[in-house]
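Asker: Before anything else, here's the structure in question.
The values are calculated or read from the model by the stated rules, or taken from the named source; none is laboratory data. Keep in mind that what you see is a predicted model, and the values were worked out from it rather than measured. Note that we place each Cβ from the backbone using ideal geometry, even for glycine, and neighbour counts take in every protein chain shown.
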Amino acid sequence: MQVSTDTAKVKESIRGVLSLLKANHPADCMTCDVNGRCEFQDLTLRYNVDSYMAEHSLPKLRQYSHEWDSELASEAGALHDSSSAAIAIDFEKCLRCGRCVTACDTVQDMNVLGMAGRGRERHPALITEAMSLSKCISCGQCAAVCPVGAIAERSEWREVLNQLDSKRKVMVCVTAPAVRVAIGEELGTGPGSVTTGQMVAAQRALGFDYVFDVNFAADLTIMEEGTELLGRLRTAWGLEPPAAADDDSSSSSASSAGRQGHQDEAAGRGHHQGPGPLPMFTSCCPGWITTVEKSYPELIPHLSTCKSPAQMMGAVVKCYFAAKLGRQAEDICLVSIAPCTAKKYEAERAEMLREGEGQDIDYVVTTREFGRMLRERRIPLASLLEAPFDHPLGESTGAAVIFGNTGGVMEAALRTAYELAVGQPLPKLEVAAIRGLAGIKEAELTLPDDAPPGLAGRSLRVAVASGIGHARHLLQAMHSGQGPRYDFIEVMACPGGCIGGGGQPKSRDPLVLLKRMGAVYNLDERSTIRKSHQNQSVLQLYKEFLGEPNGPLAHQLLHTSYTD
Ligand code: HC0
Ligand code: SF4
């Protein structure tokens, strides 16, 4: 059989279908957030749909449009939903392709969205009355595949530009690991292009006073989470905790007074508790945290108590850096640029608010929104000269950047936890078994015979899942007693990890995740320092301000709790 897909007859048919869709589509492209990044807009231009509509009976199509809209409105309930902190729905723009439903149900196994109606009236709809009443985890996988702007991240970029223009506050920008391998792609430099230095230059050109890096806090997270893991392992293995380090090593810096105040408060709040059970799950992905809270509350004690790197960065900027500047937390406006839509929700969580004060992170904009800001301000990312991050909260290691890939948090944690426990580096820094795009991966590490007493010859079993559908399979296998017992499990809600986040550039390239993943691993390989515990600025922060990893002040500022 020969199938022709590009004949004049086929093209005419496509034009007819596009015309029907366009007749049903609101005419608000000029103000739509995806203007210029819209598959439907591209197709209507390519097939010259306006001329087709002029040649045919447009009034009749409009008539059809009204019928369709009223039926959809009555069947689907609300056409608009803005009840989520992360995701905004405008089904008036919906083309009824159903990609969002596939992403939510088949990939993520969440079933927040479904198809309603029959025949030609079949359309995506919310299963519950509102997003806020659903089990939505804010992952944004629906938004990442929407060809138009029917499902999108809750937009914050205009407010950020207003804040930058008003110059009322000290403007600080922090950027997640996976953005540097994707913002170029959003602006046309191709998947897998790395534009870290140009990205920093663009943030300065936007008007940010300080440009820091979430990667710094990823290294900090490894210090906290690695220490927490070792504590849980020692308890499970019946070993004595290591001798406490001297916590009184603070320098006479300007931060000491601030530190003392925070420490007194930390002691009063009694945040610090004993080690939790194994397996320990990572806690840096807000989509995964919401999944546990809403669907698996029995796993809450297994979650690491560490805040995500982004939120650790928020706490460090608002407490430590503000004090260094001689300013109050409210004098700083902190903008986080992330590949993730759920980070918008995370920043607003009650657990993340400073007592009596506001959010640590004031705004979260996705990679797509960041691209929009640069286009809006005519900042030509690709042709900017590279600029460095500001010191000291811009320093990071290769271990930090791999957080952006599925398996990266685990690999970074193993590089540090192994070396701190055993006293010698991992035989090979690249843990091949937990690299790649497989939805579930696992590895086993055996500690060497010359490890300290109690550790020699012990095995550490770890697992990595990305995509909530895969995480559910892993949990089911564990629940049914199949497979090994794990000690440490990394879960990221988005397929591929943060490189595939719901706020990343929309792409139809099937290799896009592999290209972004390769770019992240290249950044690690090219780093001179590749282990988090060798980040000198992080070590200095402990010395100058935080005390020791998992100490009282670290617990108060860098750890959190969960709600079922
Ligand atoms: Fe991620 Fe993260 S790796 S969740 O995907 O851990 O957003 O990139 O910023 O916080 O570091 C997202 C990316 C981060 C955090 C880090 C973690
Ligand atoms: Fe489903 Fe994630 Fe979209 Fe929520 S954000 S509707 S869970 S795909």
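Asker: Any residue in region 201-212 that is assigned to a helix (DSSP H, G or I), touching an Asp or Glu at 6+ places or on another chain (Cβ under 7 Å) and modelled with pLDDT of 95 or more? Talk me through it step by step, then tell me what you get.
Answerer: Residues of region 201-212 assigned to a helix (DSSP H, G or I): 201-206.
From what's left, touching an Asp or Glu at 6+ places or on another chain (Cβ under 7 Å): 201.
If we keep only those that are modelled with pLDDT of 95 or more too, we end up with 201.
Yes, because at least one residue in region 201-212 is assigned to a helix (DSSP H, G or I), touching an Asp or Glu at 6+ places or on another chain (Cβ under 7 Å) and modelled with pLDDT of 95 or more.
Asker: Could you please tell me which pairs satisfy a Cβ distance under 7 Å, a separation of 6+ or placement on different chains, a first residue in region 349-364 that is farther than 19 Å from ALA338 by Cα, and a second residue that is surrounded by 11 or more Cβ atoms within 10 Å (Cβ to Cβ) and among the acidic types (Asp, Glu)?
Answerer: Listed by first residue and then by second, the contacts come to ARG354/ASP360; GLU357/GLU330; GLY358/GLU330.
Asker: Which of the residues spanning region 162-196 are within 16 Å of ligand 1 (Cβ to nearest atom) and out of contact with any helix residue (DSSP H, G or I) (no Cβ under 7 Å at 6 or more places or on another chain)?
Answerer: GLU185, THR196
Asker: Related question: From the list TYR345, TYR363, exactly one residue is within 14 Å of VAL174 (Cα to Cα) and of a type in the set (Phe, Trp, Tyr). Which is it?
Answerer: Answer to the selection: TYR363.
Asker: Being exposed (fewer than 15 other Cβ atoms within 10 Å of the Cβ) and either over 27 Å from ARG508 (Cβ atoms) or within 16 Å of ligand 1 (Cβ to nearest atom) (or both) is the filter here; which residues of region 107-125 pass it?
Answerer: ARG118, GLY119, GLU121
Asker: Given the structure, is THR305 under 17 Å from the mean Cα position of the chain (by Cα) and either polar (S, T, N, Q) or not assigned by TED's automatic domain parsing to the domain that holds PHE208 (or both)?
Answerer: no
Asker: Related question: Of all residues in region 132-188, how many are crowded, with 19+ Cβ neighbours inside 10 Å and either at positive phi or β-branched (Val, Ile, Thr) (or both)?
Answerer: Residues in region 132-188 being crowded, with 19+ Cβ neighbours inside 10 Å and either at positive phi or β-branched (Val, Ile, Thr) (or both): 13 in total.
Asker: Something else now. For the subset of region 286-308 comprising residues that are more than 18 Å from ARG354 (Cβ to Cβ) and more than 16 Å from ligand 2 (Cβ to nearest atom), which member is surrounded by the fewest Cβ atoms within 10 Å (Cβ to Cβ)?
Answerer: By that ranking, first place goes to GLU298.
Asker: Still on this structure: Scan region 269-313 for residues that are among the small types (Gly, Ala, Ser) and in contact (Cβ under 8 Å) with a residue 60 or more places away in the chain and jot them down.
Answerer: SER283, GLY287, SER295, SER304, SER308, ALA310
Asker: Follow-up. Go through region 357-409 and give me each residue that's at pLDDT 95 or above, acidic (Asp, Glu) and part of a loop (DSSP other than H, G, I, E, B).
Answerer: ASP360, ASP362, GLU386, ASP390, GLU395
Asker: Related question: Of all residues in region 330-356, which are within 12 Å of ligand 1 (Cβ to nearest atom) and either part of a strand (DSSP E or B) or acidic (Asp, Glu) (or both)?
Answerer: Within region 330-356, SER336, ILE337, ALA338, GLU346 qualify.
Asker: To continue, here is another question. Would you call ALA433 in a helix (DSSP H, G or I), within 23 Å of PRO339 (Cα to Cα) and not polar (S, T, N, Q)?
Answerer: no
Asker: A further question on this structure: Go over the candidates GLU490, GLU430 one by one and state the one that is of a type in the set (D, E, K, R) and touching a Gly at 6+ places or on another chain (Cβ under 9 Å).
Answerer: GLU490
Asker: State whether one or more residues within region 126-135 are touching a Ser or Thr at 6+ places or on another chain (Cβ under 8 Å), in the same structural domain as ASP28 (by TED's automatic domain parsing), of a type outside the set (D, E, K, R) and within 16 Å of ligand 1 (Cβ to nearest atom).
Answerer: No, region 126-135 has no match at all.
Asker: Which helices (runs of 4 or more DSSP H) does region 92-188 wholly contain that include 1 or more residues that are away from ligand 2 (no atom under 12 Å from the Cβ) and either under 22 Å from the mean Cα position of the chain (by Cα) or hydrophobic (A, V, I, L, M, F, W, C) (or both)?
Answerer: Ranges flagged: 157-166, 183-186.
Asker: Here is a follow-up. Under 6 Å between Cβ atoms, at least 6 apart or on separate chains: pull out the pairs that start in region 196-213 with a residue that is closer than 13 Å to LEU161 by Cβ and touching a residue at least 60 places away in the same chain (Cβ under 8 Å) and end on any residue that is in a loop (DSSP other than H, G, I, E, B) and among the aliphatic types (A, V, I, L, M).
Answerer: ALA205/ILE379
Asker: Only residues in region 446-466 that are without any contact (Cβ under 8 Å) to a residue 24 or more places away in the chain count as the first member; pair them with residues that are surrounded by fewer than 19 Cβ atoms within 10 Å (Cβ to Cβ) and of a type in the set (A, V, I, L, M), Cβ under 6 angstrom, at least 6 apart or cross-chain, and list the lot.
Answerer: ASP449/ALA456
Asker: Under 6 Å between Cβ atoms, which residue pairs at least 6 apart in sequence (or on different chains) link something in region 93-113 that is in the same structural domain as GLU39 (by TED's automatic domain parsing) with a partner that is among the acidic types (Asp, Glu) and away from ligand 1 (no atom under 16 Å from the Cβ)?
Answerer: The qualifying pairs are ASN111/ASP105.
Asker: Which condition breaks for GLY238 when tested against (1) within 16 Å of ligand 1 (Cβ to nearest atom); (2) assigned by TED's automatic domain parsing to the domain that holds PRO277; (3) assigned to a loop (DSSP other than H, G, I, E, B)?
Answerer: Result: GLY238 passes all but (1).
Asker: Given the conditions (1) assigned to a helix (DSSP H, G or I); (2) touching a strand residue (DSSP E or B) at 6+ places or on another chain (Cβ under 8 Å), and given that GLU442 satisfies all but one, which numbered condition is not satisfied?
Answerer: Going through (1) assigned to a helix (DSSP H, G or I); (2) touching a strand residue (DSSP E or B) at 6+ places or on another chain (Cβ under 8 Å) one by one, GLU442 breaks only (1).
Asker: Being closer than 30 Å to HIS302 by Cβ, in contact (Cβ under 8 Å) with a residue 40 or more places away in the chain and within 16 Å of ligand 1 (Cβ to nearest atom) is the requirement here; does LEU523 meet it? Don't jump to the end; show me each part of the working.
Answerer: Details: closer than 30 Å to HIS302 by Cβ: no; in contact (Cβ under 8 Å) with a residue 40 or more places away in the chain: yes; within 16 Å of ligand 1 (Cβ to nearest atom): yes.
No; evaluated as a whole, the condition is false for this residue.
Asker: Those residues that are in contact (Cβ under 8 Å) with a residue 12 or more places away in the chain, surrounded by fewer than 19 Cβ atoms within 10 Å (Cβ to Cβ) and either closer than 14 Å to CYS498 by Cβ or in contact with a strand residue (DSSP E or B) (Cβ under 7 Å, 6 or more places away or on another chain) (or both), I need them from region 396-437; list them, please.
Answerer: Scanning region 396-437 gives a single hit, LEU437.
Asker: Mind listing just one residue for me: the one in region 23-53 that is touching a Ser or Thr at 6+ places or on another chain (Cβ under 6 Å) and in a helix (DSSP H, G or I) and, of those, nearest to ILE151 (Cα to Cα)? Please lay out each step first, then the result.
Answerer: If we filter region 23-53 for residues that are touching a Ser or Thr at 6+ places or on another chain (Cβ under 6 Å), which is where we start, we get 23-24, 33, 49, 52-53.
Pick out the ones that are also in a helix (DSSP H, G or I) and you get 23, 49, 52-53.
Numbers: ALA23: 20, VAL49: 24, TYR52: 28, MET53: 26 Å.
Residue satisfying both the conditions and the ranking: ALA23.
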